[in-house]
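Single-structure report; data block below.
The values are calculated or read from the model by the stated rules, or taken from the named source; none is laboratory data. Small disclaimer: the values here were computed from a predicted structure and weren't measured. Cβ placement follows ideal geometry from the backbone for every residue including glycine, while neighbour counts extend to all protein chains displayed. These accessible areas exclude ligands, DNA and RNA; they are computed on the full protein's heavy atoms, side chains included. Shrake-Rupley method; radii C 1.70, N 1.55, O 1.52, S 1.80 Å.
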Amino acid sequence: MKRLFFWLLASFLSLGALSLLLALVVVYFLLPQLPDPKSLRSFEFQVPLAIYARDGTLIGEFGEQKRIPVKLQQTPLLLRDAIVAAEDDRFYSHMGVDWLGILRAAGELVRTGEKRSGGSTITMQVARNFFLSREKTYLRKVTEILLAVEIERQLSKEEILELYINKVFLGQRAYGFGAAARVYYGNELRELNLAQLAMLAGLPKAPSRYNPVRDPGAAIARRGYVLERMLIDGKIGDEMYRKAMDEPVSARLHTREIDLDAGYAAEMARAWAVARYGVAAYSRGLKIETTLDPLMQEAANRSLRHHLVNYEQRHRYRGPEQHFLLGDEKVPQALNALVVQNEMGGLEPAVVIEVTEDGLTAVMGEGTEVALDKKFLRWAEGYWRSSAASGQAGFRVGDMIRLARGEKLEWELAQIPEVQGALISIDAADGAIRAVNGGFDFAQSKFNRVLQADRQPGSNFKPFLYTAALANGFTAASLINDAPLVFNDDTRDGGWRPQNYSGKFFGPTRLRVGLTKSRNLVSVRLLQAIGVNRTREFCLRFGFPPEKLPKNLSLALGSGAMTPMELITGYAVLANGGYRVEPHLVTKVLDQQNEVVWTGSYPLVPSGNVQQLNQGEAGGDKVETVDELADQSSVSPIDSDSQGGQLSVSSFPGETSYPLPVEAQRILPEAEVFLINSMLRDVIKKGTGRKAKRLGRNDLAGKTGTTNNQLDAWFSGYAAGVVTTAWVGFDKPRSLGKRETGARAALPIWIEYMEQALAGLPEQPLKQPADVVSARIRADTGQLADADEEQAIFEYFKVSDLEKLRSIETYQPEGESDRAEIF
């Protein structure tokens, strides 16, 4: 007995010493290392990056965690009651740790062998979710308990519950009940009924197991437990309980609807945000406001896709995308096969269910049956004339095809284009991007051809050469001989022989005609006369990277590969009166509290210049050297201040691109801008851009572009301050086909888009500057005409050029016009 007493005493003392030691460890080691719960008051939840058009239309969302933070006052009382009933029914009475709850959970485990309620309180879950890892150790549990007690000491119950409601993971990448309501029911919390709220409240225990979409049975059982606890706690009555218990499962997955199809623009803004703020941009709830105009973007989508599909229909039908084996129940089996097929670029998938000599019938995903007769299959004649019964390759029952709406809104056969295209449209006044489409469909290809595709612009580059000529003593009436040229070139058999597209030669040609008709030989001789180095130096002021301007005569024909974004930067100068602007997409960044943390300020053309194209004096420092111009051209076309920055928990750096608004620098005098604009308007009126006359406007200006073997087709042009470039080609360059020039492949895209973009905008007349005059000249010589000259035409000149013109002698090249000059 005595020995037992001493053993018990020793055990008691040992236990006391161990408890004292544990207390010392807690006091001296754990407590000082605990994070400060007060930081939770300023905690910013991980919220996805959202990208918006200029009117607030959502165009993109990026981030792993879906979250919609809500204030406690915004949450339904029934939800709060359901959460407490399901997770911690003594939440309002304990001080962070519910010892009775722990004992009850242990008793349930012993009695039923099932862990129906846990020992962790809501406060302990907050401590774990915000501060601790998921490892299961005794030390972590002790730390969790200490943190819970400290949180209860410093925060109110309402603050703790609000943190829990916004933080807890509820499956399907939804964090917080606000996001879960949207993901599972497509509504806000205040719009949910009791059964739905109880379903959500049951998710924290095991989001995957009780997911109402994946396992409705398990979810109903868990919902029943939550409702039963609410009934026991007196939060709902018998009638509410029975009604909620009888509710069927109404949950299904809802993705946040993107309001505008602008994947390429959204990706550009995302890349901008990550470059500036790092990966933290994905989780801090940034809202990026862009310059994108929804109506113009929709027009860009329609026009590009429409004409890429039209291109395909001018060429070979490649055949069905895939084939499904259908039994007797053709329609149900076809519909089942279409479940996993997506629309792409407006082209709907359909499965052929009948083939006849006169056409075929196909069923679409929603069950609509479409009959296509010969009229809608003519471009795929080799297929519709064949059938499986004839033993020839052709359309068969089970083929998956694509359908598109024709101009009369009738369904017609289409195919996903192999050819690609791009369209970029900006505001000439400040470079704001109003529409951008880097390919047929962003889901098909993330490669943004506006920014990433370096392609030869061909004749689309000629306006800059001709502007250089006007700046170096040439006039629109200057004569250049359109005659054969041969350049010795060891890399080419027979040397380099530039030719006109028509293969013909036209002899002495005025500059205006040379640009209007896109005469290649005139351009080469013009560059030869100006000088390659002088022309390159001049062209750098438009923003072209120096490495993309060849140091040889091929520059005249647009051999230097560049992107549509780089090309449109140059055209903006011609459209806005001679000022250098920077194409840009992002205008403003807001944080979770809708506080502005960054505002862009970009060079702006002085008021009135874009519309009148000739107002104001030359401004800014004159740039004299290639190096200085190269420095100017190195500015990024998307963001002139793109260094990254790390986000803090509660704030973002409040920076701006420019400390003050800046006036765009004039890089061309108004007289030269007027002259090149008058020439580019003639391209539309009587040159390679004549198709655009159907728009019925007199202020259109632009230029086609076609490269050797029709590898690339371009059109760039502008009116009323809207500048647009369209490009068509294959990603792996190959010929677009015979006669697939800029006028045929790219110009129709530009026309259809500009018809919408210019709707409602008044025509802007080309006003003549004071130092530009018009004079009568002879069309064949470019000389001033006599007063009685009947065949004379009017031409514009700088006043300073008139005296030079009076001394011009008629240009008479030696020999016949079709005799080649060899260099």
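Could you tell me whether any residue of segment 169-179 is modelled with pLDDT of 90 or more, assigned to a loop (DSSP other than H, G, I, E, B), open to solvent by 50 Å² or more (accessible area, probe 1.4 Å) and within 16 Å of LYS66 (Cβ to Cβ)? The answer is no; no qualifying residue exists.
Note on segment 299-347: among residues that are touching a residue at least 60 places away in the same chain (Cβ under 8 Å), within 30 Å of ALA713 (Cβ to Cβ) and among the charged types (D, E, K, R), the one that is most open to solvent (accessible area, probe 1.4 Å) is ARG302. Within segment 46-83, can you find the residues that are touching a residue at least 60 places away in the same chain (Cβ under 8 Å), part of a helix (DSSP H, G or I) and of a type in the set (A, V, I, L, M)? Those that are touching a residue at least 60 places away in the same chain (Cβ under 8 Å), part of a helix (DSSP H, G or I) and of a type in the set (A, V, I, L, M): LEU72, LEU78, LEU79, ALA82, ILE83. Please verify whether PHE797 is more than 43 Å from the chain's Cα centre (by Cα) and open to solvent by less than 30 Å² (accessible area, probe 1.4 Å), treating the condition exactly as stated. Criteria met by PHE797. Residue count for segment 751-781, restricted to those that are part of a helix (DSSP H, G or I) and touching a strand residue (DSSP E or B) at 6+ places or on another chain (Cβ under 9 Å): 4. One residue stands out in segment 229-266 among those that are in a helix (DSSP H, G or I), among the charged types (D, E, K, R) and touching a residue at least 12 places away in the same chain (Cβ under 8 Å): the one that is least open to solvent (accessible area, probe 1.4 Å), namely ARG229. Taking the residues in segment 105-162 that are at pLDDT 80 or above, assigned to a loop (DSSP other than H, G, I, E, B) and among the hydroxyl-bearing types (Ser, Thr, Tyr) as candidates, determine which candidate is most open to solvent (accessible area, probe 1.4 Å). Among those residues, the one meeting the criterion is SER156.
For segment 498-524, name all the residues that are open to solvent by 10 Å² or more (accessible area, probe 1.4 Å) and in contact with a Pro (Cβ under 7 Å, 6 or more places away or on another chain). Residues satisfying the conditions are PHE505, PRO508, ASN520. Give the residue, chosen from GLY439, GLY514, that is part of a loop (DSSP other than H, G, I, E, B), touching a helix residue (DSSP H, G or I) at 6+ places or on another chain (Cβ under 8 Å) and under 24 Å from LYS548 (Cβ atoms). Result of the check over GLY439, GLY514: GLY439.
When restricted to residues that are over 33 Å from the mean Cα position of the chain (by Cα) and among the hydrophobic types (A, V, I, L, M, F, W, C), segment 523-555 contains 7. For segment 197-224, the set of residues classified as open to solvent by 30 Å² or more (accessible area, probe 1.4 Å) and under 18 Å from ARG80 (Cβ atoms) consists of LYS205 only. I need the full set of residues from segment 182-219 which are in contact with a helix residue (DSSP H, G or I) (Cβ under 8 Å, 6 or more places away or on another chain) and among the β-branched types (Val, Ile, Thr), in order please. Selection gives VAL213 alone. The set of residues in segment 302-346 that are among the polar types (S, T, N, Q), over 25 Å from the mean Cα position of the chain (by Cα) and not in a helix (DSSP H, G or I) contains only GLN322.
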